[in-house]
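To keep things clear, I will list the structure first and then write my remarks on it.
The values are calculated or read from the model by the stated rules, or taken from the named source; none is laboratory data. Since we're looking at a predicted model, the values are computed, not measured. Backbone-built Cβ (ideal geometry, glycine too); neighbour counts: all protein chains shown. All accessible areas refer to the heavy atoms of the entire protein, side chains included, with ligands and DNA or RNA removed. Shrake-Rupley method; radii C 1.70, N 1.55, O 1.52, S 1.80 Å.
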Amino acid sequence: MENPLLAFTDKGIYCEQAGVYLDPWKPVDKAIISHGHADHSRWGHGRYITHERNVPIIEHRLGNIHSTGVSWGESFTVNGVRFSLHPAGHIPGSSQIRVEYKGEVWVFSGDYKTGDDGLSTPYEPVRCHAFITECTFGLPAFKWRPQEEVFRDINEWWAENRSEGKTSILFGYSLGKAQRLLKHLDTSIGKVYTHAAIENMNEVIRTFLPLPETSRITKETQRDELRGHLVLAPPSAHGSPWLRKMVPYETATASGWMAFRGARRRRAVDRGFVLSDHCDWAGLLESIEATGATRVICTHGYSDIFSRFLREKGLDARTEETQYEGELAEMNSTEGAEIT
Amino acid sequence: MKDFAQLIRKLDSTNKTSVKVKALASYFNLASDRDKVWTIAILSHRRPSRPVNTTLLRQWASEVAGVPHWLFEESYHIVGDLAETIALVVSGKKEIDKPLAQVLDELIPLKKRSEEEKKNYVVEHWLGFSFYERFVFTKLITGGFRIGISQKLMTRSLSLATGIDEDILAYKLMGDWDPNTISFQELVLEKNKTDLLSKPYPFYLAYALEDEPENLGDPSEWLAEHKWDGIRSQVIFRNDEVFVWSRGEELVTDKYPEFSLLLEHIPNGTVIDGEILPYPKNSIGTFNDLQKRIGRKTVSKALLKKIPVILMAYDLLEWEGVDLREQPFEERRKKLEVLAEPLVPDSSIPLYLSGTMGFEHWSDFAAERDRAREKKSEGLMLKRKDSPYRVGRKKGDWWKWKVDPLTIDAVLTYAMRGHGRRSNLFTDYTFGLWNTTEDGERELVTFAKAYSGLTDAEFRKVDAWIKKNTLERFGPVRSVTPYHVFEIAFEGLAPSGRHKSGVATRFPRILRWRTDKSIEEANTLDDLKKLIP
Ligand SMILES: [Zn+2]
Ligand SMILES: [Zn+2]
């Protein structure tokens, strides 16, 4: 095929026929945005087209931008190319982007996960000829347990800390992970306090989704009132003086990387809970099969390994370098990737 | 097995020493005696010899998990630990419930079984265990439990559970005992042990001095000696036998037959603390030389001749059958000197005395430390004259004061993915130095690998650069455009025939990223060779 419908350029994934970029990493005129994480929705584009739930999120992050919201399955056409957004199940408002031209269908997954997290609109496979997939956790070593089990562990951890008179500090990315945690915390154990970065995002999400009650930590918050309760904080707060007020406390991180014993130790948190907003190995394989795609392009994550495996299974698979950072950005978000 | 796996999970899921000790103590309170003995054995690295080799384990794991072998290997490379990779990749159900001791009773004779029997046993247990049980089970086969539980923490927990003094326990648990035959009663509880014959004392270890030595107070209260770069050991003379123990609590008598010569000169009831050093051509060799001896179980005559070893004596822990550890260091030294001085001049006796030095000013200590490389030591040990010989790593009386590392500016040439959290990042680097070939061409020759020393932010920057500047890929390794210069630090270096550069470096690590330097300004191989002492 001489001119692929979607091409990888130095600015991002480009549909030349429509003059539109998908999740570009450099400023462009017209961008379709899969979701609100910083590596997928960057600053400086002329127009942002995204799911209606993602509009308040990126406006909160990027300020005054020219944005248009569309609903699931609603299609719009640009120079003969038909675009539509479909739930990706990654975080609230996260979409896969379907692109169709003269009967040829491509889907860009953005970030996605297959399980229902009880918060985001669950992932739906979309039939296509070519599928651009993330593979952040594209290794057979990644196998997620059902989230009920993980939340049972998290709530047990909280209850145990409470019984010892300690504050529980749970680190999770401000957008998506924090709200997913919040939704499943057992508030019969205690109150949930939030770091300002998370509470600001909660306020945005609450405009379209109900979330349990939280209390924002401010300068006035007293150490004694926190004791035994749970504090949701962004990973960038780890090791910062902000934590001093919480002593005595126990820390934990919720991330897919916590599957590796070494990751938790290097992260220097007391507990690691394996909880990811990306697909595990089986999730990736099932979704690819469900799309029916014969051509697969693997982006961020273990893309070389994953695409080799797909090729051995008989698919036309290859790797493209992008500037998406996957959950690594969530782990190391002290460097500006964090939403504040 | 469930309880033991649960214990390992708990130890694994905290960084807090107090929580670890509590978990271990409550395990010791509840476990059966046989499980306790095995737990002590495993946590002090006394595992049974490997019943199945790892090549087979890898093969079976990829088969059971239904993934191609290369994919299993890639996963192993990224996870970084074989037992953990197997536990992650294979899925199992909780069906098998048997005590730790029973699993070991079954694993030990497995060594002699046929490959098929081995496979059936191992696979059945992989599939019948939960994640942590599978991890622990595989670790029992492969060995190497590294879960942040030192001998010291284990002893403290056991002391908490039994009420027996920590130092006494440390002494009881040392040496050569077999978890297969010894009972918990004999190992831990019994008061009068008869077979203490070969037992070493727990080693006293020093922390690194981080402050200025001036903060140690009056220099006249201190002695310095060189810190030799060999194997810290205790040599024990009891009952007309010699026993050599390494710091890792391994009985290594057979590896160093030289020391049996000392039996003629040193009486029973003597324990010397010292450093085993290579001594080729009648002078101290490099650690590289010693490595040739460390690897061998039995030593050939030729090797004995080529690289003989000596004991550089530091301290006397037992004399005439009496434990001297509570006496002041100065007193112990005097006795050691009386013992050693007549023997040292005879070059056929492999015993030397590490000299102690006292100085009036701290600046004199510093000047002596600056001579360390020339003397082939790693720096100085500072010991308080009145210090007892303590148990384990303790602050205050003894300090190691190493020389500053050697450094050189080198060019990044290859990169490999890191492990664990860093597995998405290229953080394992290979560095080259300039060399001029016979045709007058300048080329970069690999001289060291390093994977530590940069901040996470720097690693991410280098990683992003590597991904954009890859020349070639060789499996997990990428060659990159020579562009970045890093200052590499290392503890020492020695000529080596095995390295293309002709030089082996010890403990190389990245000191800093020299963004101010171009690759032309990096050092040459000749610069490096000039640093060889
Ligand atoms: Zn994302
Ligand atoms: Zn992403």
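Annotations for the structure displayed:
Listed here are the residues, each with its yes/no results for (1) under 20 Å from residue A:291 (Cβ atoms); (2) in contact (Cβ under 8 Å) with a residue 12 or more places away in the chain.
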site: A:3; (1), (2): no, yes
site: A:17; (1), (2): no, yes
site: A:25; (1), (2): no, yes
site: A:69; (1), (2): no, yes
site: A:77; (1), (2): no, no
site: A:111; (1), (2): yes, yes
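- The lone exception for residue A:219 - which of (1) outside any strand (DSSP E or B); (2) charged (D, E, K, R); (3) surrounded by 16 or more Cβ atoms within 10 Å (Cβ to Cβ) it fails: (3)
- Residue A:49 away from ligand 2 (no atom under 16 Å from the Cβ) and closer than 19 Å to residue A:99 by Cα: yes
- Scanning segment A:270-299 for residues that are open to solvent by 30 Å² or more (accessible area, probe 1.4 Å) and in a strand (DSSP E or B), we see that the one that is nearest to ligand 2 (Cβ to nearest atom) is A:295.
- Of the residues examined, residue A:39 is not one that is more than 15 Å from ligand 2 (Cβ to nearest atom) and within 14 Å of chain B (Cβ to nearest Cβ).
- Put simply, of A:92, A:24 the only residue that is at pLDDT 95 or above, assigned by TED's automatic domain parsing to the domain that holds residue A:293, within 16 Å of ligand 2 (Cβ to nearest atom) and more than 23 Å from residue A:183 (Cβ to Cβ) is A:24.
- Filter result for residue B:338 (under 30 Å from residue B:266 (Cβ atoms) and either touching a Ser or Thr at 6+ places or on another chain (Cβ under 6 Å) or at pLDDT below 90 (or both)): no
- Residue satisfying all of: in segment A:155-166; away from chain B (no Cβ under 14 Å) and under 24 Å from residue A:91 (Cβ atoms); surrounded by the fewest Cβ atoms within 10 Å (Cβ to Cβ) among these: A:155
- Considering B:129, B:184, B:135, B:203, the condition of being closer than 30 Å to residue B:404 by Cα and in contact (Cβ under 8 Å) with a residue 60 or more places away in the chain is satisfied by B:203 alone.
- Enumeration of residues in segment A:198-216 that are open to solvent by 30 Å² or more (accessible area, probe 1.4 Å), in contact with a strand residue (DSSP E or B) (Cβ under 7 Å, 6 or more places away or on another chain) and assigned to a loop (DSSP other than H, G, I, E, B): A:212
- Neighbours by Cβ (under 8 Å, 6+ apart or cross-chain): first from segment A:135-148, at the interface with chain B (Cβ under 7 Å from one of its Cβ atoms); second outside any loop (DSSP other than H, G, I, E, B) and among the polar types (S, T, N, Q): A:139/B:75; A:140/B:75; A:141/B:75; A:141/B:85
- Pair list, Cβ < 7 Å and 6+ apart or interchain, from segment B:465-484 residues that are away from chain A (no Cβ under 14 Å) to residues that are surrounded by fewer than 16 Cβ atoms within 10 Å (Cβ to Cβ) and among the charged types (D, E, K, R): B:479/B:472
- Whichever residue in segment A:243-269 is assigned to a loop (DSSP other than H, G, I, E, B) and surrounded by fewer than 20 Cβ atoms within 10 Å (Cβ to Cβ) and, among such residues, is nearest to the other protein chains (Cβ to nearest Cβ): A:268
- Evaluation of residue A:287 against (1) within 14 Å of chain B (Cβ to nearest Cβ); (2) touching a Cys at 6+ places or on another chain (Cβ under 9 Å) (one fails), failing number: (1)
- Looking only at residues of segment B:288-325 that are assigned to a helix (DSSP H, G or I), among the charged types (D, E, K, R) and touching a residue at least 12 places away in the same chain (Cβ under 8 Å), we find that the one that is most open to solvent (accessible area, probe 1.4 Å) is B:306.
- If only residues of segment A:96-113 that are in a loop (DSSP other than H, G, I, E, B) and within 16 Å of residue A:34 (Cα to Cα) are counted, the one that is farthest from ligand 2 (Cβ to nearest atom) is A:113.
Conditions tested, residue by residue: (1) closer than 30 Å to residue A:311 by Cβ; (2) among the small types (Gly, Ala, Ser).
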{"residue": "B:71", "(1), (2)": "yes, no"}
{"residue": "B:81", "(1), (2)": "yes, no"}
{"residue": "B:86", "(1), (2)": "yes, no"}
{"residue": "B:98", "(1), (2)": "no, no"}
{"residue": "B:121", "(1), (2)": "no, no"}
{"residue": "B:130", "(1), (2)": "no, yes"}
{"residue": "B:133", "(1), (2)": "no, no"}
{"residue": "B:143", "(1), (2)": "no, yes"}
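- From the options B:49, B:44, residue that is within 21 Å of the chain's Cα centre (by Cα), open to solvent by 10 Å² or more (accessible area, probe 1.4 Å), closer than 20 Å to residue B:186 by Cβ and small (Gly, Ala, Ser): B:44
- Looking across segment B:382-407, the residues that are farther than 14 Å from residue B:212 by Cα, modelled with pLDDT of 90 or more and open to solvent by less than 30 Å² (accessible area, probe 1.4 Å) come down to B:383, B:387, B:388, B:389, B:397, B:398.
- Of the helices (runs of 4 or more DSSP H) lying entirely inside segment B:66-139, those containing at least 2 residues that are of a type in the set (Phe, Trp, Tyr) and within 10 Å of chain A (Cβ to nearest Cβ) are B:69-79.
- Of the residues B:63, B:95, B:106, B:74, the single one that is buried (at least 21 other Cβ atoms within 10 Å of the Cβ), of a type in the set (Asp, Glu) and in the same structural domain as residue B:47 (by TED's automatic domain parsing) is B:74.
- Qualifying residue in segment A:235-242 (condition: within 19 Å of residue A:154 (Cβ to Cβ) and open to solvent by 30 Å² or more (accessible area, probe 1.4 Å)): yes
- Unmet criterion (only one of (1) farther than 21 Å from residue A:158 by Cα; (2) open to solvent by less than 30 Å² (accessible area, probe 1.4 Å); (3) over 24 Å from the mean Cα position of the chain (by Cα)) for residue A:228: (1)
- Only one of the numbered conditions (1) open to solvent by less than 70 Å² (accessible area, probe 1.4 Å); (2) modelled with pLDDT of 90 or more; (3) under 23 Å from residue B:437 (Cβ atoms) is violated by residue B:504, and that is (2).
- Filtering segment A:142-154 to residues that are touching a helix residue (DSSP H, G or I) at 6+ places or on another chain (Cβ under 6 Å) and either under 20 Å from residue A:88 (Cα atoms) or outside the structural domain of residue A:182 (by TED's automatic domain parsing) (or both) leaves only A:142.
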